[in-house]
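Input: a single structure, listed below in structure tokens.
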Amino acid sequence: MAGVENQVLIFALAIHLGLILSSFFNAITRDLVLPLLSPLASVEDGVSKLVVQIGTIKFNIGDAIVQTLNLLIACAVVYVTVPYVKEYVPIAGRR
């Protein structure tokens, strides 16, 4: 039964770490990347409020751009760190 409790703890920690990383990537995108893109978008409120209007239809594409940047940053971090995780061997020598 100790194995199940251990797996539940690991799962809970993974969820918590995922939420923390999500907040981190949102902050990186919002505070570092978007200010660089705001002059290109020529929007007073920043890129996240960017709207494209075609006829009478308004597309709020700013938030989609922000979330796409978040995804790209997260994928880049995973791409860089996965090779190191695969080579990781604990001190005891077991995985």
Next on the checklist: Checking Thr68 against (1) surrounded by 10 or more Cβ atoms within 10 Å (Cβ to Cβ); (2) at pLDDT 75 or above; (3) not aromatic (Phe, Trp, Tyr); (4) not in a helix (DSSP H, G or I), only one condition comes out false. Which one?
Outcome noted: (4)
Checklist entry - Taking the range 79-95 as the region of interest, how many residues are modelled with pLDDT of 80 or more and not hydroxyl-bearing (Ser, Thr, Tyr)? => result 1
Checklist entry - Is one or more of the residues making up the range 32-51 in a strand (DSSP E or B) and modelled with pLDDT under 80? => result yes
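The values are calculated or read from the model by the stated rules, or taken from the named source; none is laboratory data. Just so it is clear, the model here is predicted, and its values are computed rather than measured. Backbone-built Cβ (ideal geometry, glycine too); neighbour counts: all protein chains shown.
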